[in-house]
1. With respect to residue 239, determine if the residue is out of contact with any strand residue (DSSP E or B) (no Cβ under 7 Å at 6 or more places or on another chain), surrounded by fewer than 19 Cβ atoms within 10 Å (Cβ to Cβ), in a loop (DSSP other than H, G, I, E, B) and free of Cβ contacts under 8 Å to residues at least 24 places away in the same chain.
2. List pairs: first in segment 62-86 and without any contact (Cβ under 8 Å) to a residue 12 or more places away in the chain, second in a helix (DSSP H, G or I) and surrounded by 18 or more Cβ atoms within 10 Å (Cβ to Cβ), Cβ under 7 Å, 6+ apart or cross-chain?
3. Residues to consider are 265, 257, 269, 223; find the one that is touching a residue at least 12 places away in the same chain (Cβ under 8 Å), in a helix (DSSP H, G or I) and crowded, with 22+ Cβ neighbours inside 10 Å.
4. Here are the criteria: (1) within 15 Å of the chain's Cα centre (by Cα); (2) buried (at least 24 other Cβ atoms within 10 Å of the Cβ). Tell me which single one residue 277 does not satisfy.
5. State yes or no: is residue 282 over 28 Å from residue 67 (Cβ atoms), crowded, with 19+ Cβ neighbours inside 10 Å and out of contact with any strand residue (DSSP E or B) (no Cβ under 9 Å at 6 or more places or on another chain)?
6. Could you count how many residues in segment 58-116 are in a helix (DSSP H, G or I) and either over 19 Å from the mean Cα position of the chain (by Cα) or more than 30 Å from residue 168 (Cα to Cα) (or both)?
7. I'm checking my understanding of the structure. Among residues of segment 189-206 that are under 18 Å from residue 303 (Cα atoms) and surrounded by fewer than 17 Cβ atoms within 10 Å (Cβ to Cβ), which one is farthest from the chain's Cα centre (by Cα)?
(Lines give C-alpha, C1' and ligand atoms only; values in the text may rest on other atoms or scores of the structure.)
Protein backbone atom coordinates (compact mmCIF):
# COMPACT_ATOMS: atom_id res chain seq x y z
CA UNK A 1 0.00 0.00 0.00
CA UNK A 2 1.39 3.41 -0.97
CA UNK A 3 2.09 6.07 1.67
CA UNK A 4 -0.98 8.28 1.08
CA UNK A 5 -3.57 5.45 1.19
CA UNK A 6 -1.80 3.93 4.20
CA UNK A 7 -1.98 7.25 6.04
CA UNK A 8 -5.68 7.59 5.15
CA UNK A 9 -6.34 4.09 6.50
CA UNK A 10 -4.38 4.80 9.69
CA UNK A 11 -6.24 8.07 10.25
CA UNK A 12 -9.57 6.29 9.68
CA UNK A 13 -8.63 3.72 12.33
CA UNK A 14 -7.72 6.53 14.71
CA UNK A 15 -11.00 8.31 14.08
CA UNK A 16 -12.87 5.09 14.88
CA UNK A 17 -11.13 5.08 18.24
CA UNK A 18 -12.09 8.74 18.65
CA UNK A 19 -15.75 7.88 18.24
CA UNK A 20 -15.42 5.17 20.86
CA UNK A 21 -13.73 7.62 23.22
CA UNK A 22 -16.48 10.20 22.76
CA UNK A 23 -19.24 7.66 23.41
CA UNK A 24 -17.43 6.50 26.53
CA UNK A 25 -17.06 10.11 27.70
CA UNK A 26 -20.82 10.62 27.34
CA UNK A 27 -21.53 7.50 29.40
CA UNK A 28 -18.94 8.51 32.01
CA UNK A 29 -20.50 11.95 32.30
CA UNK A 30 -23.81 10.37 33.29
CA UNK A 31 -22.22 7.89 35.70
CA UNK A 32 -22.01 8.41 39.44
CA UNK A 33 -18.22 8.09 39.37
CA UNK A 34 -15.56 7.77 36.70
CA UNK A 35 -14.16 4.38 37.66
CA UNK A 36 -13.40 1.14 35.82
CA UNK A 37 -16.46 -0.37 37.51
CA UNK A 38 -18.63 2.20 35.76
CA UNK A 39 -17.15 1.49 32.34
CA UNK A 40 -14.06 -0.24 31.07
CA UNK A 41 -11.46 -2.26 32.95
CA UNK A 42 -7.84 -1.05 32.70
CA UNK A 43 -6.75 -4.21 30.86
CA UNK A 44 -9.29 -3.52 28.12
CA UNK A 45 -8.30 0.14 27.82
CA UNK A 46 -4.64 -0.93 27.63
CA UNK A 47 -5.40 -3.49 24.92
CA UNK A 48 -7.23 -0.83 22.90
CA UNK A 49 -4.37 1.64 23.38
CA UNK A 50 -1.72 -0.87 22.28
CA UNK A 51 -3.86 -1.99 19.32
CA UNK A 52 -4.24 1.62 18.20
CA UNK A 53 -0.51 2.29 18.51
CA UNK A 54 0.26 -0.94 16.69
CA UNK A 55 -2.08 -0.05 13.83
CA UNK A 56 -0.47 3.37 13.48
CA UNK A 57 3.05 1.95 13.65
CA UNK A 58 2.20 -0.47 10.83
CA UNK A 59 0.00 1.78 8.72
CA UNK A 60 1.51 5.25 9.07
CA UNK A 61 5.27 5.25 8.34
CA UNK A 62 5.61 8.95 9.18
CA UNK A 63 4.42 8.31 12.74
CA UNK A 64 5.94 4.88 13.35
CA UNK A 65 9.04 5.96 15.26
CA UNK A 66 7.25 8.70 17.21
CA UNK A 67 4.30 6.57 18.32
CA UNK A 68 6.64 3.75 19.33
CA UNK A 69 8.68 6.21 21.36
CA UNK A 70 5.60 7.66 23.05
CA UNK A 71 4.74 4.15 24.26
CA UNK A 72 8.33 3.81 25.47
CA UNK A 73 7.65 6.55 28.02
CA UNK A 74 5.37 4.09 29.78
CA UNK A 75 8.17 1.52 29.86
CA UNK A 76 10.35 3.89 31.87
CA UNK A 77 8.25 2.90 34.88
CA UNK A 78 9.15 -0.75 34.32
CA UNK A 79 12.81 0.16 33.89
CA UNK A 80 12.66 2.04 37.20
CA UNK A 81 11.28 -1.08 38.91
CA UNK A 82 14.02 -3.21 37.36
CA UNK A 83 16.72 -0.80 38.53
CA UNK A 84 15.22 -0.74 42.03
CA UNK A 85 15.49 -4.52 42.17
CA UNK A 86 18.99 -4.63 40.70
CA UNK A 87 20.26 -2.01 43.18
CA UNK A 88 18.66 -3.85 46.12
CA UNK A 89 16.10 -1.12 46.81
CA UNK A 90 13.17 -3.50 46.55
CA UNK A 91 12.50 -7.25 46.42
CA UNK A 92 11.77 -9.16 43.23
CA UNK A 93 8.67 -10.64 44.82
CA UNK A 94 5.44 -8.78 44.12
CA UNK A 95 6.55 -6.96 40.97
CA UNK A 96 3.80 -8.30 38.69
CA UNK A 97 0.98 -5.99 39.85
CA UNK A 98 3.27 -2.96 39.43
CA UNK A 99 4.67 -3.91 36.03
CA UNK A 100 2.84 -2.41 33.04
CA UNK A 101 2.30 -4.95 30.23
CA UNK A 102 3.13 -3.35 26.88
CA UNK A 103 2.74 -6.28 24.51
CA UNK A 104 4.83 -6.03 21.36
CA UNK A 105 6.14 -2.63 22.46
CA UNK A 106 7.86 -4.07 25.54
CA UNK A 107 11.65 -4.39 25.66
CA UNK A 108 11.92 -5.61 29.26
CA UNK A 109 9.82 -8.16 31.16
CA UNK A 110 9.62 -9.33 34.75
CA UNK A 111 10.92 -12.73 33.63
CA UNK A 112 14.07 -11.09 32.21
CA UNK A 113 15.01 -9.98 35.72
CA UNK A 114 15.54 -13.56 36.85
CA UNK A 115 18.86 -13.81 35.04
CA UNK A 116 20.25 -10.38 35.93
CA UNK A 117 22.44 -9.39 38.83
CA UNK A 118 23.31 -5.73 38.17
CA UNK A 119 22.19 -2.68 36.16
CA UNK A 120 24.88 -3.53 33.61
CA UNK A 121 22.86 -6.63 32.67
CA UNK A 122 19.80 -4.46 32.06
CA UNK A 123 21.87 -2.04 29.96
CA UNK A 124 23.25 -4.88 27.85
CA UNK A 125 19.73 -6.24 27.32
CA UNK A 126 18.37 -2.83 26.28
CA UNK A 127 21.24 -2.43 23.82
CA UNK A 128 20.55 -5.84 22.32
CA UNK A 129 16.88 -4.87 21.87
CA UNK A 130 17.78 -1.69 20.00
CA UNK A 131 16.96 0.82 22.76
CA UNK A 132 20.07 2.87 22.03
CA UNK A 133 18.78 6.05 23.66
CA UNK A 134 18.36 4.35 27.07
CA UNK A 135 21.06 1.67 27.33
CA UNK A 136 23.99 4.12 27.82
CA UNK A 137 22.08 6.00 30.54
CA UNK A 138 21.55 2.80 32.53
CA UNK A 139 25.16 1.77 31.96
CA UNK A 140 26.50 5.10 33.25
CA UNK A 141 24.30 5.12 36.36
CA UNK A 142 26.26 5.53 39.59
CA UNK A 143 25.74 3.16 42.52
CA UNK A 144 23.53 4.81 45.12
CA UNK A 145 22.26 7.45 42.67
CA UNK A 146 19.11 5.81 41.36
CA UNK A 147 17.23 9.12 41.31
CA UNK A 148 19.80 10.71 39.02
CA UNK A 149 19.72 7.69 36.71
CA UNK A 150 15.94 7.86 36.41
CA UNK A 151 16.11 11.58 35.76
CA UNK A 152 18.73 11.04 33.06
CA UNK A 153 16.54 8.35 31.51
CA UNK A 154 13.63 10.78 31.40
CA UNK A 155 15.83 13.41 29.80
CA UNK A 156 17.05 10.92 27.19
CA UNK A 157 13.47 9.96 26.36
CA UNK A 158 12.36 13.59 26.03
CA UNK A 159 15.35 14.56 23.90
CA UNK A 160 14.65 11.78 21.43
CA UNK A 161 10.92 12.61 21.37
CA UNK A 162 11.81 16.21 20.52
CA UNK A 163 14.08 15.09 17.68
CA UNK A 164 11.40 12.75 16.28
CA UNK A 165 8.78 15.51 16.41
CA UNK A 166 11.03 17.95 14.57
CA UNK A 167 11.59 15.25 11.95
CA UNK A 168 7.90 15.04 10.99
CA UNK A 169 7.01 16.14 7.45
CA UNK A 170 6.73 19.86 6.70
CA UNK A 171 3.34 21.35 7.48
CA UNK A 172 2.66 19.11 10.49
CA UNK A 173 2.98 21.94 13.01
CA UNK A 174 -0.05 20.80 15.01
CA UNK A 175 1.47 17.36 15.51
CA UNK A 176 4.74 18.93 16.66
CA UNK A 177 2.82 21.16 19.09
CA UNK A 178 1.06 18.12 20.57
CA UNK A 179 4.42 16.48 21.26
CA UNK A 180 5.60 19.69 22.93
CA UNK A 181 2.63 19.47 25.32
CA UNK A 182 3.73 15.93 26.21
CA UNK A 183 7.29 17.13 26.79
CA UNK A 184 6.07 20.00 28.96
CA UNK A 185 4.06 17.54 31.03
CA UNK A 186 7.16 15.33 31.43
CA UNK A 187 9.21 18.37 32.49
CA UNK A 188 6.67 19.40 35.12
CA UNK A 189 6.44 15.84 36.43
CA UNK A 190 10.20 15.58 36.90
CA UNK A 191 10.43 19.02 38.51
CA UNK A 192 7.60 18.05 40.88
CA UNK A 193 9.03 14.68 41.88
CA UNK A 194 12.81 14.90 41.57
CA UNK A 195 13.84 17.00 44.60
CA UNK A 196 11.29 15.63 47.09
CA UNK A 197 10.85 11.99 46.02
CA UNK A 198 14.02 11.10 44.14
CA UNK A 199 16.47 13.02 46.30
CA UNK A 200 17.86 14.96 43.35
CA UNK A 201 19.06 18.57 43.73
CA UNK A 202 16.79 21.19 42.10
CA UNK A 203 19.54 22.35 39.73
CA UNK A 204 20.05 18.76 38.55
CA UNK A 205 16.32 18.37 37.97
CA UNK A 206 16.30 21.65 36.05
CA UNK A 207 18.97 20.37 33.65
CA UNK A 208 16.81 17.34 32.87
CA UNK A 209 13.98 19.42 31.39
CA UNK A 210 13.56 20.12 27.69
CA UNK A 211 10.73 22.58 27.08
CA UNK A 212 10.85 24.39 30.45
CA UNK A 213 14.60 24.97 30.34
CA UNK A 214 14.33 26.25 26.75
CA UNK A 215 11.57 28.71 27.70
CA UNK A 216 12.74 29.83 31.16
CA UNK A 217 16.50 29.34 31.16
CA UNK A 218 18.55 27.39 33.69
CA UNK A 219 18.27 29.83 36.62
CA UNK A 220 14.48 30.24 36.56
CA UNK A 221 13.98 26.51 35.92
CA UNK A 222 16.13 25.73 38.97
CA UNK A 223 14.03 28.12 41.06
CA UNK A 224 10.91 26.35 39.83
CA UNK A 225 12.33 22.98 40.89
CA UNK A 226 13.21 24.40 44.32
CA UNK A 227 9.70 25.78 44.94
CA UNK A 228 7.99 24.59 48.13
CA UNK A 229 4.52 25.02 49.60
CA UNK A 230 4.15 28.40 51.30
CA UNK A 231 6.47 30.24 48.92
CA UNK A 232 3.68 31.89 46.95
CA UNK A 233 1.67 30.71 43.92
CA UNK A 234 3.76 28.51 41.64
CA UNK A 235 2.05 29.88 38.53
CA UNK A 236 3.56 33.32 39.13
CA UNK A 237 7.01 31.87 38.43
CA UNK A 238 6.06 30.96 34.86
CA UNK A 239 6.18 33.10 31.71
CA UNK A 240 3.34 35.55 31.17
CA UNK A 241 2.55 33.94 27.81
CA UNK A 242 1.51 30.81 29.69
CA UNK A 243 -1.69 32.53 30.81
CA UNK A 244 -3.32 29.16 31.48
CA UNK A 245 -0.80 28.59 34.31
CA UNK A 246 -1.17 31.87 36.20
CA UNK A 247 -3.83 30.64 38.64
CA UNK A 248 -1.86 27.52 39.67
CA UNK A 249 -1.08 27.56 43.38
CA UNK A 250 1.04 24.37 43.34
CA UNK A 251 2.27 21.49 41.21
CA UNK A 252 -1.07 19.66 41.06
CA UNK A 253 -2.89 22.77 39.83
CA UNK A 254 -0.15 23.46 37.31
CA UNK A 255 -0.14 19.95 35.85
CA UNK A 256 -3.94 19.85 35.67
CA UNK A 257 -3.95 23.20 33.85
CA UNK A 258 -1.28 22.02 31.40
CA UNK A 259 -3.15 18.80 30.72
CA UNK A 260 -6.38 20.70 30.14
CA UNK A 261 -4.51 22.68 27.48
CA UNK A 262 -3.16 19.48 25.97
CA UNK A 263 -6.67 18.03 25.86
CA UNK A 264 -7.92 21.23 24.20
CA UNK A 265 -5.13 20.98 21.62
CA UNK A 266 -6.04 17.34 20.93
CA UNK A 267 -9.69 18.20 20.36
CA UNK A 268 -8.69 21.09 18.08
CA UNK A 269 -6.55 18.68 16.06
CA UNK A 270 -9.57 16.40 15.55
CA UNK A 271 -11.44 19.35 14.05
CA UNK A 272 -8.56 20.24 11.73
CA UNK A 273 -7.45 18.83 8.37
CA UNK A 274 -8.78 15.24 8.27
CA UNK A 275 -5.57 13.54 7.12
CA UNK A 276 -3.07 15.54 9.15
CA UNK A 277 -0.75 13.52 11.37
CA UNK A 278 -2.07 15.48 14.34
CA UNK A 279 -5.35 13.54 14.11
CA UNK A 280 -4.05 10.03 14.96
CA UNK A 281 -1.48 11.52 17.32
CA UNK A 282 -4.23 13.31 19.26
CA UNK A 283 -6.15 10.03 19.60
CA UNK A 284 -3.03 8.30 20.94
CA UNK A 285 -2.62 11.01 23.60
CA UNK A 286 -6.30 10.95 24.60
CA UNK A 287 -6.23 7.17 24.81
CA UNK A 288 -3.03 7.20 26.85
CA UNK A 289 -4.59 9.64 29.32
CA UNK A 290 -7.68 7.43 29.58
CA UNK A 291 -5.42 4.48 30.39
CA UNK A 292 -3.64 6.48 33.09
CA UNK A 293 -6.98 7.30 34.69
CA UNK A 294 -8.33 3.75 34.43
CA UNK A 295 -5.17 2.30 35.97
CA UNK A 296 -5.64 4.42 39.10
CA UNK A 297 -8.93 2.75 39.96
CA UNK A 298 -12.05 4.40 41.42
CA UNK A 299 -12.52 8.14 41.14
CA UNK A 300 -11.50 9.10 44.66
CA UNK A 301 -10.65 12.75 44.04
CA UNK A 302 -6.95 12.15 44.62
CA UNK A 303 -4.40 14.50 43.00
CA UNK A 304 -3.09 11.63 40.84
CA UNK A 305 -6.56 10.84 39.54
CA UNK A 306 -7.27 14.51 38.94
CA UNK A 307 -4.04 14.89 36.96
CA UNK A 308 -4.79 11.80 34.88
CA UNK A 309 -8.35 12.66 33.90
CA UNK A 310 -7.43 16.27 33.04
CA UNK A 311 -5.88 15.17 29.74
CA UNK A 312 -8.57 12.65 28.82
CA UNK A 313 -12.11 12.64 27.47
CA UNK A 314 -13.29 11.21 30.78
CA UNK A 315 -13.39 14.80 32.00
CA UNK A 316 -16.17 16.50 30.07
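1. On the way: out of contact with any strand residue (DSSP E or B) (no Cβ under 7 Å at 6 or more places or on another chain): yes; surrounded by fewer than 19 Cβ atoms within 10 Å (Cβ to Cβ): yes; in a loop (DSSP other than H, G, I, E, B): yes; free of Cβ contacts under 8 Å to residues at least 24 places away in the same chain: no.
It is false that residue 239 is out of contact with any strand residue (DSSP E or B) (no Cβ under 7 Å at 6 or more places or on another chain), surrounded by fewer than 19 Cβ atoms within 10 Å (Cβ to Cβ), in a loop (DSSP other than H, G, I, E, B) and free of Cβ contacts under 8 Å to residues at least 24 places away in the same chain.
2. 64/57
3. Numbers: 265 fails: crowded, with 22+ Cβ neighbours inside 10 Å; 257 fails: crowded, with 22+ Cβ neighbours inside 10 Å; 223 fails: crowded, with 22+ Cβ neighbours inside 10 Å.
Exactly one residue qualifies, and that residue is 269.
4. All conditions pass for residue 277, except number (1).
5. Values: over 28 Å from residue 67 (Cβ atoms): no; crowded, with 19+ Cβ neighbours inside 10 Å: yes; out of contact with any strand residue (DSSP E or B) (no Cβ under 9 Å at 6 or more places or on another chain): yes.
When the stated conditions are applied, residue 282 does not pass them.
6. Going residue by residue through segment 58-116, those that are in a helix (DSSP H, G or I) are 58-59, 61-86, 96-98, 103-105, 111-115.
Add one more test, that the residue is either over 19 Å from the mean Cα position of the chain (by Cα) or more than 30 Å from residue 168 (Cα to Cα) (or both), and what stays is 58-59, 61-62, 81-86, 96-98, 111-115.
Within segment 58-116, residues that are in a helix (DSSP H, G or I) and either over 19 Å from the mean Cα position of the chain (by Cα) or more than 30 Å from residue 168 (Cα to Cα) (or both) number 18.
7. Looking only at segment 189-206, we keep the residues that are under 18 Å from residue 303 (Cα atoms), and these are 189-194, 196-197.
Within this subset, residues satisfying the condition of being surrounded by fewer than 17 Cβ atoms within 10 Å (Cβ to Cβ) are 189, 196-197.
Values: 189: 10, 196: 20, 197: 18 Å.
That would be 196.
Listed here are the residues, each with its yes/no results for (1) closer than 26 Å to residue 282 by Cα; (2) touching a helix residue (DSSP H, G or I) at 6+ places or on another chain (Cβ under 6 Å); (3) at pLDDT below 95.
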position	(1), (2), (3)
175	yes, yes, no
194	no, yes, yes
223	no, no, yes
230	no, no, yes
249	no, no, yes
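The values are calculated or read from the model by the stated rules, or taken from the named source; none is laboratory data. Worth saying up front: this structure is predicted, and the values here are computed from it rather than measured. Counting neighbours? That spans all protein chains shown, and the Cβs are built from the backbone with ideal geometry, glycine included.
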